[in-house]
Amino acid sequence: MSNPKKKKEILNQPLEFELAILGGRVIDPESRFDRIADIFVHDGLIKEISSRKTTTRIGAKEVIDAKGKIVVPGLIDMHAHLREPGREDEETIYTGSCSAVAGGFTSVCCMPNTEPPIDNQEAVKFVYVKAKEAKCKIVCVGAVTKGEKGEELTEILDLVQAGVVAISDDGKPVSSSQVMRNALEYCKMFNLPIISHCEDLNLSSGGVMHEGFVSTSLGMNGIPSIAEEVMVARDLKLAEFTGGRVHIAHVSTQGSVDLIREAKKRGIKVTCETTPHHFTLTDESVKTFDTNAKVNPPLRTRKDVEAIKKGLKDGTIDSIATDHAPHSVEEKEVEFDFAPFGMVGLETAFGLVVTELVNKKILTWPQAIAKLTINPSRILNLKGGRIKRDFPADLTIIDPKASWIVNPSQFKSKSKNSPFGGKKLRGRVCYTIVDGKIVFP
Amino acid sequence: MKLRSKHLLGLEGMTKEEITLILDTAEPFKEILERPIRIVPTLRGVTVVNLFYEPSTRTRISFELAEKRLSAEVISFSATTSSVKKGETLKDTVRNIEAMKIDMVVVRHQCSGVPYFLTQCLDSSIINAGDGAHEHPTQALLDLFTIREKYKKIRGLKVVIVGDIKYSRVARSDIWGFTTMGAKVAVCGPTTLLPYEIEKMGIEVHHDVDEALEGADVVNVLRIQLERQKGGFLPSLREYTNKFGINVDRLKRLNENFTIMHPGPINRGVEITPEVADGPYSVILNQVTNGVAIRMAVLYLLSGGEGKVE
C-alpha cells in the first residue's frame, strides 16, 4: 500500500479526486492496516490509501477532515428485517436503508420473512428493484423452503441467479431434519450458506421470554436455552455430515457458544453471529413488562452475556448482526404475551459495540470492526467490508469518543421499538459513504 | 401510615409494615361485615371499575361486595361482553373507560403484567385481581389475614404450598407475602410443575409431599387443572392424586393445630379429599369471608385512607 513507486504514480496523477478523507485512523481488518492515513476516492472506488502527509496536496472536490476519527470499511449488517413487501407501515427497503446509513451500515442483508416471503426469483427481483432507491446496498437472502413452511425447498438455483447471498427461513427454524439436510446438501453446489434460526418449536412453545428465575417470578412462559441449543447441536451434526455451510443466526446462549466452539475445532463449516442486544441486555429488562425487550431468541442471563462476550473475544462468534426487527407501536403497546418479538437495531448497533465491547476491552478496534465488515463479507461472499484499492468506496467514519443518548423518536427507521431509549452510548457515526457518495449525514 | 403506591400490583417488594397495615385495616372491616347493616360510607362518590378478562366467581363477587359495602359506585365488565371481541386493544378499551371519569380499576387478566401495563396507560389506581401466573395479591393478603387471625402471628410458622406451582399466581403472591412476614415457606409439586429456579425465592422445594408436610403448620392446597394433563406435564390426574393429593392419612405429619387452606375452586377428590376440605382444621370458607374484608381494606387504603378505620 505504501511502496514508493505507487506514491510517485499518485503524485504524478493530474486527476482531481472526487473525495479525500484526510488524517483519520484507518482500520482495515483484512489487511491488518491500522494507522493514520489518507484515503482518496474516485468513480466510486478507493483509489489510494496513503500514510504520506504530502499527499494532502492532491486536489479533491470534497475533503473530509477525519482527524481524531476512525475510518473503517462500510459496516455490513448480515441480518435485518426490512418488512417490504407486506408491512410497509413498519419499514420499507428505503426507510430501512435510511436507518442503516444513520447507523454506519453501507450494506444490509434483508431476511426473506416478508409477506409474501422471498421464496422465488420474482420476489428477489422485486427486492432488487426497490433496492435501487435505497441509500445503501441491499443484499437479499432467500427462503430455504417455499412459503417458509419448512416443507419443500425453494428453487435455490433460481434464487442464486437472481442474486441471493444466502438462504434462511429466519423467524422460523427449518424444523424437519430431513429438509435441513437436503438444503445443506443442495447448497453445496452453490457454496451458499444457510442461515439457521435455531429454535425447537416444541421446547419454546408458548414462551415469551427466557426461562429462568425472572420468568419464574413474573409467571411468564419461558423459552429455555435448550430450545436453541438442541437445534444448534442438530445443525452442527448435519453440517458435519453433509459438508454443507451453516451460519447460526443470533446466538444467545452459553451452551450454543460452547457447541459452536467445539464444532469449529473439529473443522465443521460453521459460522455464527450474535446481536448487540444479546451481548448487552439480560432477562432483567423484561421485569417492567417492556414489550420492546421482547425478542426471539429472548434476552438471556448474565452468564450467557458473559459467554457471548467470551465467544466474540476468542473468535467463536464471527460476526455481529442487528436482527433489526421493526414493529409498529400498535402491535407493541399490548399485553406482553400478545406483542410480537423483535426490536430495531440498525441505529444503536455500532454504539453498543463501542460501549459494551471496545471500551470494556472485550475486543480491540480491529477485532470489533472485523465482526461488522470483513467477516460477514466473507461469509456471504460480498465485495465490501474491506478498504482496498479499486474496491468500492464503502466507508464509515466514526468519532470513537463522542457520546450520545439514544432517543428512539429520532430514529430514521419507521419503527421505534428499541429497549435502549435513554441509554448513553459512546461512538458515533459521522459519515457513511456508499460507492464514494456521502449518504449520511 | 399510608401505602407507598396508589396501586396494588403484587406483594413482591412490599414491606412487612405495608402488609401489616393492610391486615390491621381489614380487622375493623371484618367487624363491619358482622353487623346487621353491613355498609359504610367510606368510598361514597368513588367509582370503581371491575375489569375481568378471565372468568372468576369468588374474586369478582368478593371485590364487588367489598366495593358496595364501602358505598363505592361499581361498574363490572367482562371480556365476553365488551368490544374486545371487536378487536379493540386493551389500551384503547381502558382509556375509553377512564374517559368516562373513574377512580379505581380492579383487573383480572390471563396475561402476566397487565395491571402494570394499565398503570402506564391510566391515571386511576390499579388493583391486581390476578394476572396470568404472576400475582394475586389480595388472595395472599386474605391468606395472611386468615392465618394471623388463627395463630395471632405469622412469623415462625411453616407454610407448605402443594400443587401446580408453575402456573399459580396464588403461589407466587403467597411466597412473597409469607416470607416477608417471617414464615418459613416450602413448595411441593410434580417436578414438571415447579418453575425454574423457584428456590431462589427463598423457599424450600420438595417433590415428596410426605417429606414436605413434616412439621408444617399450614398447608395451602392449589387447584390442579385438567389442562396440565393435556399439556403433557402430568401422566394423569389419578397419578397426581396418588402422589400429591392431600388426604386424612397425610395430615398425620403436620404439627398439632394445623390448618388447611385452598384458594378455590376445589377439585374435590383430585388435589384434596372431601374429608380434608370439610374438616375442622379447614379454613377454606373463612378465607372467603376474610377476602371481602381484605379487599375493603385495600380499596380504602389505595383511595387515600390512612391508618385505623373508625
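The values are calculated or read from the model by the stated rules, or taken from the named source; none is laboratory data. Since the model is a prediction, treat every value here as computed from it, not as a measurement. Neighbour counts are summed over all protein chains in view; Cβ atoms, including those assigned to glycine, are modelled from backbone coordinates with ideal geometry.
Couple of notes before you dig in:
- Among the residues listed as B:V170, B:V159, B:V187, the single one being away from chain A (no Cβ under 13 Å) and buried (at least 21 other Cβ atoms within 10 Å of the Cβ): B:V159
- Filter result for A:I397 (buried (at least 20 other Cβ atoms within 10 Å of the Cβ), at pLDDT 95 or above and more than 26 Å from A:E88 (Cβ to Cβ)): yes
- Residue in the stretch B:54-69 that is over 18 Å from the mean Cα position of the chain (by Cα) and modelled with pLDDT under 95 present: no
- Within the stretch A:156-196, considering residues that are in a loop (DSSP other than H, G, I, E, B) and exposed (fewer than 15 other Cβ atoms within 10 Å of the Cβ), the one nearest to the chain's Cα centre (by Cα): A:N191
- Check on B:F117, crowded, with 23+ Cβ neighbours inside 10 Å, within 13 Å of the chain's Cα centre (by Cα) and not aliphatic (A, V, I, L, M): no
- Residues being hydroxyl-bearing (S, T, Y), within 16 Å of B:G13 (Cα to Cα) and within 11 Å of another protein chain (Cβ to nearest Cβ) - total across the stretch B:92-144: 1
- Any hit, the stretch B:148-155, residues being within 18 Å of the chain's Cα centre (by Cα), buried (at least 22 other Cβ atoms within 10 Å of the Cβ) and either within 14 Å of chain A (Cβ to nearest Cβ) or at pLDDT below 95 (or both): no
- Any hit, the stretch A:104-116, residues being under 19 Å from A:R245 (Cα atoms) and not in a strand (DSSP E or B): yes
- Residues in the stretch A:213-251 that are among the β-branched types (V, I, T) and assigned to a helix (DSSP H, G or I): A:V214, A:T216, A:I226, A:V230, A:V232, A:T242.
- Among strands (runs of 3 or more DSSP E) entirely within the stretch B:181-279, having at least 2 residues that are within 26 Å of B:I19 (Cα to Cα) and of a type in the set (V, I, T) singles out B:184-188, B:218-221, B:259-261.
- Residue check for A:T106: of a type in the set (S, T, Y), surrounded by fewer than 24 Cβ atoms within 10 Å (Cβ to Cβ) and assigned by TED's automatic domain parsing to the domain that holds A:L372: no
- Among (1) among the aliphatic types (A, V, I, L, M); (2) surrounded by fewer than 20 Cβ atoms within 10 Å (Cβ to Cβ); (3) at pLDDT 95 or above - the single one A:V334 does not satisfy: (3)
- Residue match in the stretch A:130-146 (condition: surrounded by fewer than 20 Cβ atoms within 10 Å (Cβ to Cβ), of a type outside the set (S, T, Y) and without any contact (Cβ under 8 Å) to a residue 24 or more places away in the chain): yes
- Residues in the stretch A:213-248 that are within 14 Å of chain B (Cβ to nearest Cβ) and farther than 18 Å from B:S168 by Cβ were compared, and the one that is surrounded by the fewest Cβ atoms within 10 Å (Cβ to Cβ) is A:I226.
- Residue under evaluation A:Y128, criteria (1) out of contact with any strand residue (DSSP E or B) (no Cβ under 8 Å at 6 or more places or on another chain); (2) part of a helix (DSSP H, G or I); (3) among the hydroxyl-bearing types (S, T, Y), criterion not met: (1)
- Scanning the stretch B:30-54 for residues that are over 19 Å from B:H7 (Cα atoms) and not in a loop (DSSP other than H, G, I, E, B) yields a count of 5.
- Scanning the stretch A:276-289 for residues being part of a loop (DSSP other than H, G, I, E, B) and touching a Pro at 6+ places or on another chain (Cβ under 9 Å) gives a total of 1.
- Scanning the stretch A:198-212 for residues being outside any helix (DSSP H, G or I) and within 13 Å of another protein chain (Cβ to nearest Cβ) gives a total of 8.
- Filtered by the rule that a residue be in contact with a Lys or Arg (Cβ under 9 Å, 6 or more places away or on another chain), among the hydrophobic types (A, V, I, L, M, F, W, C) and within 14 Å of chain B (Cβ to nearest Cβ), the stretch A:310-364 gives A:V329, A:V334, A:F336, A:A339.
- Unique residue being buried (at least 17 other Cβ atoms within 10 Å of the Cβ) and in contact with a Pro (Cβ under 8 Å, 6 or more places away or on another chain) when the list is A:N296, A:N292: A:N292
- The stretch B:1-29 - residue that is of a type outside the set (G, A, S), surrounded by 16 or more Cβ atoms within 10 Å (Cβ to Cβ) and part of a loop (DSSP other than H, G, I, E, B) and, of those, nearest to the chain's Cα centre (by Cα): B:L11
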